[in-house]
1. Of the residues that sit in region B:9-40 and are among the aliphatic types (A, V, I, L, M) and touching a residue at least 24 places away in the same chain (Cβ under 8 Å), which one is least open to solvent (accessible area, probe 1.4 Å)?
2. I'd like to check something: does region A:130-145 contain any residue that is in contact with an Asp or Glu (Cβ under 7 Å, 6 or more places away or on another chain) and not β-branched (Val, Ile, Thr)?
3. Go through the residues of region B:137-149 one by one and say whether even a single one is away from chain A (no Cβ under 13 Å), open to solvent by 20 Å² or more (accessible area, probe 1.4 Å), in contact with a helix residue (DSSP H, G or I) (Cβ under 9 Å, 6 or more places away or on another chain) and of a type outside the set (Val, Ile, Thr).
4. Among the residues of region A:20-36, are any surrounded by fewer than 19 Cβ atoms within 10 Å (Cβ to Cβ) and either touching a residue at least 12 places away in the same chain (Cβ under 8 Å) or among the hydroxyl-bearing types (Ser, Thr, Tyr) (or both)?
5. Could you pull out the residue among A:91, A:49 that is open to solvent by 80 Å² or more (accessible area, probe 1.4 Å) and acidic (Asp, Glu)?
6. Counting just the residues of region A:104-163 that are under 30 Å from residue A:85 (Cβ atoms) and polar (S, T, N, Q), which one comes out farthest from the other protein chains (Cβ to nearest Cβ)?
7. Check B:73, B:45 and return the single one that is within 21 Å of residue A:24 (Cα to Cα), at pLDDT 90 or above and not acidic (Asp, Glu).
8. Of the conditions (1) at pLDDT 90 or above; (2) of a type in the set (Val, Ile, Thr); (3) over 26 Å from residue B:59 (Cβ atoms), residue B:102 fails just one. Which one is it?
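The values are calculated or read from the model by the stated rules, or taken from the named source; none is laboratory data. Note that the structure is predicted; figures quoted are calculated from it, not measured. Neighbour counts run over all protein chains shown; Cβ positions are idealised from the backbone, glycine included. Ligands, DNA and RNA are excluded from the accessible area calculation, which covers all protein heavy atoms including side chains. Shrake-Rupley method; radii C 1.70, N 1.55, O 1.52, S 1.80 Å.
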Amino acid sequence: MKKILPALVAGFGAGVFSIIPITKALACCFIVPLAAIAAIYLQVRVNGEIPPIAISKGIVLGLLTGIFAAFFGTLFDVIITMITKTNDLVEGLPQMQQAFQDLPVSDELKQQAIDMIGAMADEISEKGFSLLYTFSIGFNNFLFDAIFGFIGGLIGIQIINKRMK
Amino acid sequence: MSGSILFLRLSCSFVLVLFFGLIMFPVVASFLPELGLFKPFIDNGISNICHQDSQKLIEFGQYSTMVCARCFGIYLGGAASLVLVFISCFSDVPRLKLLAGTSFILLSDVLLVNIGVYNYSKTFAFITGFLLGSVGFLYFYIPLEKFIIEKIGNQF
């Protein structure tokens with residue numbers, strides 16, 4: 001537990017920032033790598049690890065931070081959607097439907113895609129939860145946050161090792 | 001150059017080409033209209049890494065990029081650094097001051113635009129992104145090469 005604690009704390013922080021409207025847009029490419037760097041810093045400060053830290057450890061900490069950030073980010077998003085019964089998908093539905101109308105594909109395919117997204121938005125408006133939507137944001141968050149956590153871990157290890165040499 | 005490093009460089013180039021295919025999707029879809037159906041899904045995925053404000057996208061004729069000028073600069077800067085790594089211009093990460101400096105320039109531009117000191121400029125945003133992207137990429141890529149050498153060794 002002590003080994004993953006820095007990643008858990010930093011990932012939780014990143015998860016919180018990923019649902020705040022102003023910082024939301026920066027969550028993945030800015031906040032998650034920063035959280036990964038923070039996790040490595042915490043590893044040095046709290047667990048008393050002496051630099052230079054191995055690159056592999058930075059990668060693992062970065063990946064773990066990304067995974068925790070995705071987990072908490074998705075969890076908070078689902079909880080807020082359950083309470084408010086609205087989210088970006090419901091609010092952006094008219095624009096999304098318009099975007100589908102403009103696509104150069106058959107009308108049947110367009111209709112299928114519009115119906116699928118409409119069903120998700122309806123479920124969210126009525127029950128506050130859609131399994132497909134949860135899966136879709138969960139998948140996106142885990143994929144992108146893990147990648148950016150990995151990148152942050154690699155950058156963080158260089159920064160910490162250089163600064164604390 | 002060892003086989004494992006060449007493989008890593010080629011893999012990174014392939015990933016970058018794929019990624020540029022995604023961020024330039026409207027241009028790609030103009031050649032293959034059937035792919036257009038995926039645009040909302042790609043849009044949704046890319047919204048994780050960029051705000052995609054329509055006023056800040058780079059336009060190529062009637063098409064525009066899927067990411068803003070700053071993000072496009074960051075990724076293009078990364079691609080430029082990969083080309084420099086390919087011709088062996090870098091074997092170690094640049095000085096930390098360079099990373100701090102380019103980050104400061106980018107963040108200053110964001111801040112000054114947001115508090116209304118001057119208006120948003122796509123060129124400025126692109127240049128600040130390009131600078132940070134090119135330095136930041138080396139901070140990510142060079143340790144990755146070191147890690148590969150450490151784990152796999154020079155043979156492949």
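1. Filtering region B:9-40 down to residues among the aliphatic types (A, V, I, L, M) leaves B:10, B:15-18, B:22-24, B:27-29, B:32, B:35, B:37.
Restricting the remaining residues to those that are touching a residue at least 24 places away in the same chain (Cβ under 8 Å) gives B:16, B:22-24, B:27.
Working: B:16: 33, B:22: 70, B:23: 0, B:24: 41, B:27: 37 Å².
This residue is B:23.
2. Taking region A:130-145 first, the residues in contact with an Asp or Glu (Cβ under 7 Å, 6 or more places away or on another chain) are A:130, A:137.
Cutting the leftovers down to not β-branched (Val, Ile, Thr) gives us A:130.
Looking through region A:130-145, at least one residue is in contact with an Asp or Glu (Cβ under 7 Å, 6 or more places away or on another chain) and not β-branched (Val, Ile, Thr).
3. First pass over region B:137-149, keeping only residues away from chain A (no Cβ under 13 Å): none.
There is no residue in region B:137-149 that is away from chain A (no Cβ under 13 Å), open to solvent by 20 Å² or more (accessible area, probe 1.4 Å), in contact with a helix residue (DSSP H, G or I) (Cβ under 9 Å, 6 or more places away or on another chain) and of a type outside the set (Val, Ile, Thr).
4. Within region A:20-36, one or more residues are surrounded by fewer than 19 Cβ atoms within 10 Å (Cβ to Cβ) and either touching a residue at least 12 places away in the same chain (Cβ under 8 Å) or among the hydroxyl-bearing types (Ser, Thr, Tyr) (or both).
5. Numbers: A:49 fails: open to solvent by 80 Å² or more (accessible area, probe 1.4 Å).
The match here is A:91.
6. So the residue we want is A:125.
7. Working: B:45 fails: at pLDDT 90 or above.
It is B:73.
8. Tallying (1) at pLDDT 90 or above; (2) of a type in the set (Val, Ile, Thr); (3) over 26 Å from residue B:59 (Cβ atoms), residue B:102 fails exactly one: (3).
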